[in-house]
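Undergrad: Below is a structure I'd like to ask you about.
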Amino acid sequence: MKKKKTISTILLYAVLIIGSLIMIFPFIWMVLTAVKTNAEVLQVPPTILPEHWDFSSFTKVFDLLPFGHLYLNTGLMILFRVLCAVAFSSMAGYAFAKLNFKGKNILFTLVIVQQMIPGQIFIIPQYEMVAGLGLTDSIFSLVFPGLVSAFGTFFLRQAYMGIPDEISEAAYLDGCTRWQTFTKILFPLTKSSVAALTVFTAVFAYADLMWPLVANTNINSTTLSAGLSTLNSLSSTNYPVLMAGSLFAMLPMVILYLIFQKQFIEGVAMTGGK
């Protein structure tokens with residue numbers, strides 16, 4: 001019995017290792033392509049390790065894209081979208097979970113329906129609103145679609161519903177107002193959910209490509225994802241430069257994941273559990 005268990009464990013680890021190698025191979029290929037010459041990249045049959053290590057693509061990409069502006073714009077967009085998502089979703093989630101008011105079920109149904117509608121449908125009206133305010137090519141235009149989050153509202157509502165009502169009732173009997181109950185009692189109890197929402201919102205904001213391309217046409221006021229799209233048009237046949245730009249663009253998300261990987265895993269587990 002013990003021998004069978006050992007064999008099954010070895011097979012499990014073997015499958016996990018093979019799966020991990022398959023998943024990480026594109027990243028390794030991207031790194032190795034970035035240090036090859038373009039002629040070597042186009043060589044048939046392809047080679048895995050470069051014959052001549054060429055790091056010039058890492059300097060060329062900075063000549064083509066203003067990475068300083070792209071990092072700043074992306075960072076500010078993620079920061080403000082996270083702050084708005086946490087603030088508004090926390091209040092809305094608390095209201096839907098713990099307060100009784102007319103039309104609550106109808107309003108929450110609208111939140112759920114909004115999650116089912118592709119975000120691309122809202123691009124034209126959102127752009128018309130931003131353009132009407134004269135705020136295109138600005139940080140506000142990047143943040144605008146993320147001012148409220150239907151996913152965040154649903155996610156934090158589930159977190160507040162998991163808190164017993166007796167806690168709110170005890171706070172009310174002790175003289176707390178609704179606002180004090182929310183800010184001082186219940187909100188601190190949702191720290192893990194808020195941390196998970198922070199990570200998810202940051203990932204969604206970083207991956208947003210279409211909206212920055214539409215709202216901010218100036219390369220100095222756009223984001224990393226849109227900048228990569230511009231790099232593809234500027235250097236579509238220079239694959240080492242494209243791979244170098246992709247490496248620089250993915251650094252913020254790699255760092256974010258390394259710092260908040262615990263919250264990210266907890267967030268995935270919580271959404272699956274709900």
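The values are calculated or read from the model by the stated rules, or taken from the named source; none is laboratory data. What you see is a predicted model, and the numbers here were worked out from it, not measured in a lab. Every residue, glycine among them, receives a Cβ derived from its backbone with ideal geometry; neighbour counts consider all protein chains shown. Accessible surface areas use protein heavy atoms only, side chains included; no ligands, DNA or RNA. Shrake-Rupley method; radii C 1.70, N 1.55, O 1.52, S 1.80 Å.
Undergrad: Does LEU189 meet the test of being touching a residue at least 24 places away in the same chain (Cβ under 8 Å), open to solvent by 70 Å² or more (accessible area, probe 1.4 Å) and more than 22 Å from LEU70 (Cβ to Cβ)?
TA: Details: touching a residue at least 24 places away in the same chain (Cβ under 8 Å): yes; open to solvent by 70 Å² or more (accessible area, probe 1.4 Å): yes; more than 22 Å from LEU70 (Cβ to Cβ): yes.
Answer is yes for this residue.
So that you can scan it fast, the table gives a plain yes or no per residue for (1) over 30 Å from TRP179 (Cβ atoms); (2) surrounded by 10 or more Cβ atoms within 10 Å (Cβ to Cβ):
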site: ILE18; (1), (2): yes, yes
site: PRO26; (1), (2): yes, no
site: LEU42; (1), (2): yes, yes
site: VAL61; (1), (2): yes, yes
site: CYS84; (1), (2): no, yes
site: ALA97; (1), (2): no, yes
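Undergrad: Can you go through THR47, THR74, THR33 and tell me which one is among the polar types (S, T, N, Q), surrounded by 16 or more Cβ atoms within 10 Å (Cβ to Cβ) and over 17 Å from the mean Cα position of the chain (by Cα)? Full working, then the answer.
TA: Values: THR47 fails: surrounded by 16 or more Cβ atoms within 10 Å (Cβ to Cβ); THR74 fails: over 17 Å from the mean Cα position of the chain (by Cα).
None of the other options fit; the residue is THR33.
Undergrad: Pick out, from the range 1-118, the helices (runs of 4 or more DSSP H) lying fully within it that include 3 or more residues that are over 29 Å from TYR206 (Cβ atoms). Talk me through it step by step, then tell me what you get.
TA: On the way: elements: 2-34, 38-41, 57-64, 67-98, 104-116.
So the answer is 2-34, 104-116.
Undergrad: Checking GLY93 against (1) exposed (fewer than 10 other Cβ atoms within 10 Å of the Cβ); (2) of a type in the set (Gly, Ala, Ser); (3) modelled with pLDDT of 90 or more: exactly one of these is not met. Which one?
TA: Just one mismatch for GLY93, condition (1).
Undergrad: Let me ask you something else. If I ask for residues that are more than 21 Å from TYR206 (Cα to Cα) and not β-branched (Val, Ile, Thr), which ones from the range 233-257 would you list?
TA: Result: LEU234, SER235, SER236, ASN238, TYR239, PRO240.
Condition check ((1) surrounded by fewer than 16 Cβ atoms within 10 Å (Cβ to Cβ); (2) more than 23 Å from LEU76 (Cα to Cα); (3) within 23 Å of the chain's Cα centre (by Cα)) across all residues:
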{"residue": "PHE151", "(1), (2), (3)": "no, no, yes"}
{"residue": "ILE185", "(1), (2), (3)": "no, yes, no"}
{"residue": "ASP208", "(1), (2), (3)": "no, no, yes"}
{"residue": "THR217", "(1), (2), (3)": "yes, no, yes"}
{"residue": "ASN220", "(1), (2), (3)": "yes, no, yes"}
{"residue": "LEU242", "(1), (2), (3)": "no, yes, yes"}
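Undergrad: Also, quick follow-up: Tally time: how many residues in the range 121-175 are under 30 Å from SER192 (Cα atoms) and either of a type outside the set (Ser, Thr, Tyr) or part of a loop (DSSP other than H, G, I, E, B) (or both)? Full working, then the answer.
TA: From the range 121-175, those under 30 Å from SER192 (Cα atoms) are 139-175; that's our starting set.
After this cut, where a residue has to be either of a type outside the set (Ser, Thr, Tyr) or part of a loop (DSSP other than H, G, I, E, B) (or both) as well, the list is 139-140, 142-152, 154-159, 161-167, 169-171, 173-175.
The number of residues fulfilling the criteria is 32.
Undergrad: Consider TYR71 carefully, then state whether it is touching a residue at least 24 places away in the same chain (Cβ under 8 Å) and aromatic (Phe, Trp, Tyr).
TA: Numbers: touching a residue at least 24 places away in the same chain (Cβ under 8 Å): yes; aromatic (Phe, Trp, Tyr): yes.
Yes.
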